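J.: After the C-alpha cells below, expect a handful of questions from me.
The values are calculated or read from the model by the stated rules, or taken from the named source; none is laboratory data. Keep in mind that what you see is a predicted model, and the values were worked out from it rather than measured. Cβ placement follows ideal geometry from the backbone for every residue including glycine, while neighbour counts extend to all protein chains displayed.
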Amino acid sequence: MFELKLMGRLFIVLGLAAGALFACASSHVMIGKARSPISPDLVQIYTQPPEAKYVEIATLDASSQWSLSFTAQGKTDRVINRLRQEAAKLGANGVVLQGVGDRVSGAIGTGLGQGSYSGNTAVSGGIGISAGLHQKIASGIAIYVEPN
C-alpha cells in the first residue's frame, strides 16, 4: 500500500514537472504597456522594423521544445507560431524578429549487447548508437503598429 502511494506521488511530481517544461516554450519581458489580447493570426512577423509608427511592448523568447516536428522548417514554423501567440497575449500586432538559431537539447541513445560463457571462457560484444536532439530558438520584440 505504501509503495502505491509513493508511486502515485511520483507520477504527480513528474506531471507537474512536465507541465512546467511545457510552459517554458515561450516567455516575455515587458518593456512597454500591454494591450488587450488579440488573435495570433493578426500578428505580423517583421524581419526589420516597419516604416509605420510603432511602440515596443516586450522582448520575446521562444523555442520548439516539445514540438513533434522533426525537420528544421517544421521546428522553425513552430517557434515563429509561439512568438505570434506570446505577442498576441500582450496585444501586440507585430513581432520584429531578432534571430532564429539552434540549441542542443540533449541526446538519445540505445545499445545492444550479448555475452556467452562456457566453462572458464567468456565472450561478449556490443554495439551502440546515439543521436543529438536539437531545438530551434527565436527572439523578437513584440510591437504595436499604429494604424494609418
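J.: When the residues of the range 48-64 are narrowed to those that are in a loop (DSSP other than H, G, I, E, B) and among the charged types (D, E, K, R), which ends up surrounded by the most Cβ atoms within 10 Å (Cβ to Cβ)? Can you show your working first?
T.: Keep residues of the range 48-64 that are in a loop (DSSP other than H, G, I, E, B), which gives 48-53, 64.
From the residues that got through so far, the ones that are among the charged types (D, E, K, R) too are 51, 53.
On the way: E51: 7, K53: 10.
The residue in question is K53.
J.: May I ask you to say which residue of R103, R82, R78 is in a strand (DSSP E or B) and either on the phi > 0 side of the Ramachandran plot or out of contact with any Gly (no Cβ under 6 Å at 6 or more places or on another chain) (or both)? Write out each step before concluding.
T.: Numbers: R82 fails: in a strand (DSSP E or B); R78 fails: in a strand (DSSP E or B).
Step by step, each of R103, R82, R78 is checked, and only R103 is in a strand (DSSP E or B) and either on the phi > 0 side of the Ramachandran plot or out of contact with any Gly (no Cβ under 6 Å at 6 or more places or on another chain) (or both).
Every residue, every condition in (1) exposed (fewer than 11 other Cβ atoms within 10 Å of the Cβ); (2) at pLDDT 95 or above, yes or no:
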{"site": "E3", "(1), (2)": "yes, no"}
{"site": "L6", "(1), (2)": "yes, no"}
{"site": "R9", "(1), (2)": "yes, no"}
{"site": "V13", "(1), (2)": "yes, no"}
{"site": "K33", "(1), (2)": "no, yes"}
{"site": "W66", "(1), (2)": "no, no"}
{"site": "L90", "(1), (2)": "no, yes"}
